[in-house]
1. Check ILE80: other-chain or 5+ apart residues with amide H under 5 Å from its amide H, H built from backbone geometry?
2. Can you run phi through the Karplus equation (6.51, -1.76, 1.60; θ = phi - 60°) for the stretch 23-28 and list ³J(HN,Hα) in whole Hz, with x for Gly and Pro?
3. Which value, in Å², gives the accessible area per residue of the chain when a 1.4 Å probe is used on the protein heavy atoms?
4. Of the trypsin sites (Lys or Arg not before Pro) in the stretch 139-226, which ones lie in a loop per DSSP and count no more than 12 other C-beta atoms within 10 Å?
5. What part of the accessible area of the chain, given as a whole %, is carbon or sulfur when the probe is 1.4 angstrom?
6. Under a crude label model (7 Å from the Cα following the beta-carbon direction), how far is LYS61 from ARG158 in nanometres?
7. Taking only C-alpha pairs under 8 Å that are 6+ residues apart, what is the relative contact order of the stretch 4-127 in percent?
8. Whenever you get a sec, line up ASP229, ASP146 from highest to lowest accessible area (probe 1.4 Å, protein heavy atoms).
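The values are calculated or read from the model by the stated rules, or taken from the named source; none is laboratory data. This one's a predicted model, so the numbers in the text were calculated from it and none came from an experiment. Here the Cβ positions follow ideal geometry from the backbone for every residue, glycine too, while neighbour counts run over all protein chains shown. Ligands, DNA and RNA are excluded from the accessible area calculation, which covers all protein heavy atoms including side chains. Shrake-Rupley method; radii C 1.70, N 1.55, O 1.52, S 1.80 Å.
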Amino acid sequence: MISLLLIVWMETTVSTPHCSLIIYLAKDADLLKTFMRDLRSFFGKFPVNYEVIAIVEKGAKLSLQAITEESALSSEKERIVIKQNTKKLGRAKSLIRGLSEATAPAMLIVNAEMASPLGDVFKLWQHLITEEQVDITWGNRYSKKDSPFMTSASPRVRTEHFFNNIMRSKEPEAIQDPLCEVLAIKKTAWQKIYHEISLGAVRGWYLSPALQRCPSFHKLNVIEVPIFDSGAMSHSYSTWIERWHLMRQANAQSDSAEKTQTPNV
């Protein structure tokens, strides 16, 4: 349930968006109508002004048309900002662009296929804005009871299980679900880590590894929140391409760790 304190805060800050939702669109035109219908139905229950920052991949004409049509249906509490890439960036770099375009004090990364229900996603945002000391709320699909994520045969989920194990083995005390892309971040926290992201090293679908490589990320207060994952996979997701990108990142992380070790004399 949404807290009384949160309702009071939202009702006293009606002139600006309370929440920015960042979404990457490529081959998602057939999902947008349902996504926006569910989003509007969900936020219609609360006094929340929100903006949707839609980053549309170059050449994604159907998705651009679909989100443009949805923007014409926006209510007073909803603002849709549409930005189309002038060259193909991929999801991770597109999300960086979207986070930088957002104007709300708290930002959420969402996906059109809604593998995680809006109720769970909203909990991340609620924790973020009601707990002053928290900078980032990160989804943890391993701690959600009865989640299909644990047994799904989805190529996306199998890829994430495999590389999550690799990433956790390198940093056991770090994020327990490092490839979970359902996260909320305060604008102030984003401004601290944005300039530390090596854009040249960002590839493909996943933004989360790039965030975790930023020195300032490890100085921020990050909490993990249980979140459901149905195993649904975006039409824009390419399993083998993403496995290749993740393998390269894992190798680069290992090489970096070796270089920082002091040699024995």
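1. VAL52
2. 9, 9, 10, 9, 9, 10
3. Per-residue value: 50 Å².
4. The qualifying sites are LYS145.
5. 55 percent
6. In this crude label model, LYS61 to ARG158 measures out at 3.5 nm.
7. Taking the mean separation of contacting Cα pairs over the length of the stretch 4-127, I get 37 percent.
8. ASP146, ASP229
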